[in-house]
Amino acid sequence: MLMNAHEARLTDLRKELQRRGLSGFVVPISDEHMSEYVGSYAERLKWLTGFKGSVGSAAVLAGDYSGKGAAMFTDGRYTVQVREQVSGELYDYEDVPATGPAQWIAKHAPKGAKIGYDAWLHGIEWAEAAEKVLARKGIDLVPVDGNPVDAIWNDRPEPSPALAEPHDETLAGRSSADKRAEIADWLKEEGYDATIITALDSVAWLLNIRGGDIAHTPVALSYVIARADGTADLFIAKDKISPGLTQHLGNAVTVRDRADFEPALAELSGKTVAVDPERAVAGIFHALKEAGATIGRATDPAVLPKAIKNPTEQQGHRDAQARDGAAMVRFLRWITEEAPKGGIDELTAAAKLREFRGLSPDLKDTSFDTISAAAGHAALPHYKVDEESNITIPPASIFLCDSGGQYRDGTTDITRTVWIGTPDGSARPTPEMIDRNTRVLKGYIELELARFPVGTNGGQLDTLARMHLWQAGVDYGHGTGHGVGSFLAVHEGPQRISKSGGAFPGTGTPLAAGMILSNEPGYYKPGEFGIRIENLILTVPVEIEGAEGDWLGFETLTFVPLDRRLIDTDMLTPRERNWVDGYHAQVRALLAPQLDGDDLAWLEAETAPL
């Protein structure tokens, strides 16, 4: 039935393209803000193809030129998932970055074809590059007037009606006026009259507002035009203005309807405007160019100051982590005691963890869909459990749980890998499981204890987390660390810890004191098991005796026990063993006051010295 529904939608889209005189169309996972996660109203690729991943795109040709006439484009993270969710009878499977929609279209569409794209869903750099690739084959890339998928999606959801609300300065640590003044100073220094802020978390940070329009990310669908005089226009649906929001924003921020945003770009005629090509859609560039504005391509000026957490945000995060750690202890005791009996499945585990987090009245949401992964599913780094994929957690297996919470004072993200035994306690992890987990742990410790000069970027540190895996001839295929917001996006730039070479934006960004990152090395054996250890860490200044210049290191933010059954103590150096014992002592000291009874007893046992 699902197959038939997606086949019918593909047929309807081709008819709509033919009606418009288009030879094809590109469908990305995106919204008007280039968001990583999008609202249900913008899940066009999922509706059309059935693909539920967070990164991917499709190209659809209107006629039967060659092959299937449609293709799905995903990277290595979704090689298995795309084949499970998208029909191979309807779509070719294409691997990114080996190819992409433009290259595939150039190969399959005839000379003279007109390929449509929605300029309000694609970045300008993608549009410009695709246009050049297609032009070499005599194919035109044209922006559409209205998305053709929307034209056939009869029951498309409306955008979220959630209210936008003030984020109190006692939590933000800085006033919006102070932040706008910083942006205004940058604009004047760089010679700009204004900048367009399109990233939803940048809008939220700049104006100290939060919302509920994107699942797991407390942002409101809106745009900002910020000016060099410190004033700003906020474009947001009128019915989303909560009581007190206008007063919170003050006289220097004009609230305008979201529908007025595109016409307002014409008001910048003759002005010099900064626009971020990584975060602003092509439609904004087109509208400004048509208006006669001078466009400067520059990184969103809110990105870096948002990433550098002030002391209030840092302390808020520590407080949120303490609450989150107690919830995790309750969950880990439950899962390690109940799952060996059988009958606990992945969805039940995820729901139970949400229940434990919900014991805190400060919890607002989870920070992403929990990765509740048993056995072979744990070998899929971005596995997302649903009713179709859900399995019972087998006794005598590894269970990996990557999850997080959204609290008013902080955003958490933690992964723990645990051994699920058997009722009689006789089953033990295999030597390979223990070896791999211990190597992951050693890499985690190596990065956590790193000391590095100011100016060092994440690409220069990434090897530390991999070195012990490399010595065994194995690796992992994802980055080691990403930035994390303050009651904002769980994935935040510009900083990142990953292999160098430009594959990931932000890898070359120097780390700075105040930046929060994840530290999450892993190992994955396809079809059998996966391992990941993840804590959040804060970049801090460090004092080194006799050091020349300024140096940085990391402060641990996440405090949750590690599964000692998966650690080979003989593989640990004295330094590493001392780190584990010291870490567990901190875990116990922080969390014990919040726990009692069986939970407290479990914590004390799990955090005893190795």
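The values are calculated or read from the model by the stated rules, or taken from the named source; none is laboratory data. All values reported here derive from a predicted model rather than from experimental measurement. A quick note on method: Cβ atoms are made from the backbone with ideal geometry, for glycine too, and the neighbour counts reach across all protein chains shown. Surface areas here come from the heavy atoms of the whole protein model, side chains and all, with no ligands, DNA or RNA. Shrake-Rupley method; radii C 1.70, N 1.55, O 1.52, S 1.80 Å.
Residues in the range 75-97 that are open to solvent by 40 Å² or more (accessible area, probe 1.4 Å), assigned to a loop (DSSP other than H, G, I, E, B) and modelled with pLDDT of 90 or more: how many?
The total comes to 2.
With the requirement that a residue be of a type outside the set (A, V, I, L, M) and under 29 Å from Leu595 (Cα atoms), what does the range 540-571 give you? Walk me through it before giving the result.
First, the residues of the range 540-571 that are of a type outside the set (A, V, I, L, M): 541, 543, 545-546, 548-551, 553-556, 558-559, 561, 563-565, 568-570.
Result: Phe554, Glu555, Thr556, Thr558, Phe559, Pro561, Asp563, Arg564, Arg565, Asp568, Thr569.
If you check every pair at least six apart or on different chains, which have Cβ atoms under 9 Å apart with a residue in the range 372-388 that is of a type in the set (Phe, Trp, Tyr) first and a residue that is surrounded by fewer than 20 Cβ atoms within 10 Å (Cβ to Cβ) and in a loop (DSSP other than H, G, I, E, B) second?
The qualifying pairs are Tyr383/Ser389.
Looking at Trp126, is it crowded, with 18+ Cβ neighbours inside 10 Å, at pLDDT 95 or above and either part of a helix (DSSP H, G or I) or among the small types (Gly, Ala, Ser) (or both)? If you could, list the steps in order and put the result at the bottom.
On the way: crowded, with 18+ Cβ neighbours inside 10 Å: yes; at pLDDT 95 or above: yes; either part of a helix (DSSP H, G or I) or among the small types (Gly, Ala, Ser) (or both): yes.
It is true that Trp126 is crowded, with 18+ Cβ neighbours inside 10 Å, at pLDDT 95 or above and either part of a helix (DSSP H, G or I) or among the small types (Gly, Ala, Ser) (or both).
For residues in the range 259-294 being farther than 15 Å from Tyr223 by Cβ and assigned to a loop (DSSP other than H, G, I, E, B), which is most open to solvent (accessible area, probe 1.4 Å)?
It comes out as Glu278.
If Gln406 satisfies every condition in (1) surrounded by fewer than 23 Cβ atoms within 10 Å (Cβ to Cβ); (2) in contact with a Pro (Cβ under 7 Å, 6 or more places away or on another chain) but one, which is the exception?
(1)
Of the conditions (1) surrounded by fewer than 16 Cβ atoms within 10 Å (Cβ to Cβ); (2) of a type outside the set (Lys, Arg); (3) modelled with pLDDT of 95 or more, Asp233 clears all except one; give me its number.
Result: Asp233 passes all but (1).
Can you tell me which of Thr456, Thr463 is open to solvent by 10 Å² or more (accessible area, probe 1.4 Å) and free of Cβ contacts under 8 Å to residues at least 60 places away in the same chain? Steps first, answer last, please.
Details: Thr456 fails: free of Cβ contacts under 8 Å to residues at least 60 places away in the same chain.
The match here is Thr463.
So which residues in the range 513-535 are closer than 24 Å to Ser486 by Cβ, touching a Phe, Trp or Tyr at 6+ places or on another chain (Cβ under 7 Å) and either open to solvent by 10 Å² or more (accessible area, probe 1.4 Å) or assigned to a loop (DSSP other than H, G, I, E, B) (or both)? Can you show your working first?
Filtering the range 513-535 down to residues closer than 24 Å to Ser486 by Cβ leaves 513-520, 532-535.
Those still in the list that are touching a Phe, Trp or Tyr at 6+ places or on another chain (Cβ under 7 Å) too: 519, 533.
Listed by number, the list holds a single entry, Ile533.
Collect the residues in the range 109-123 that are open to solvent by less than 30 Å² (accessible area, probe 1.4 Å) and not β-branched (Val, Ile, Thr), keeping them in residue-number order.
Quick first cut of the range 109-123, residues open to solvent by less than 30 Å² (accessible area, probe 1.4 Å) only: 109, 113, 115-119, 121-123.
Scanning the range 109-123 gives Ala109, Ala113, Gly116, Tyr117, Asp118, Ala119, Leu121, His122, Gly123.
From Lys271, Lys240, grab the single residue that is farther than 28 Å from Ala130 by Cβ and either over 30 Å from the mean Cα position of the chain (by Cα) or free of Cβ contacts under 8 Å to residues at least 12 places away in the same chain (or both).
Step by step, each of Lys271, Lys240 is checked, and only Lys271 is farther than 28 Å from Ala130 by Cβ and either over 30 Å from the mean Cα position of the chain (by Cα) or free of Cβ contacts under 8 Å to residues at least 12 places away in the same chain (or both).
In the range 115-153, which residues are out of contact with any helix residue (DSSP H, G or I) (no Cβ under 9 Å at 6 or more places or on another chain) and closer than 30 Å to Ser40 by Cβ?
Here is the first cut: in the range 115-153, the ones out of contact with any helix residue (DSSP H, G or I) (no Cβ under 9 Å at 6 or more places or on another chain) are 135, 138, 142, 144-146.
Once the filter is applied, which keeps residues that are out of contact with any helix residue (DSSP H, G or I) (no Cβ under 9 Å at 6 or more places or on another chain) and closer than 30 Å to Ser40 by Cβ, the range 115-153 yields Val142, Val144, Asp145, Gly146.
Among the residues of the range 342-359, how many are surrounded by fewer than 16 Cβ atoms within 10 Å (Cβ to Cβ) and in a loop (DSSP other than H, G, I, E, B)?
Residues meeting the conditions: 4.
Which one of Ala119, Ala162, Ala177, Ala184 is hydrophobic (A, V, I, L, M, F, W, C), over 25 Å from Gly283 (Cβ atoms) and either without any contact (Cβ under 8 Å) to a residue 60 or more places away in the chain or not in a helix (DSSP H, G or I) (or both)? It would help to see each step written out before you state the result.
On the way: Ala119 fails: over 25 Å from Gly283 (Cβ atoms); Ala162 fails: over 25 Å from Gly283 (Cβ atoms); Ala177 fails: either without any contact (Cβ under 8 Å) to a residue 60 or more places away in the chain or not in a helix (DSSP H, G or I) (or both).
Every option except Ala184 fails the conditions.
Does the range 569-589 hold any residues that are surrounded by 14 or more Cβ atoms within 10 Å (Cβ to Cβ) and not in a helix (DSSP H, G or I), and which are they?
If the condition is that a residue be surrounded by 14 or more Cβ atoms within 10 Å (Cβ to Cβ) and not in a helix (DSSP H, G or I), then Leu572 is the only one that fits.
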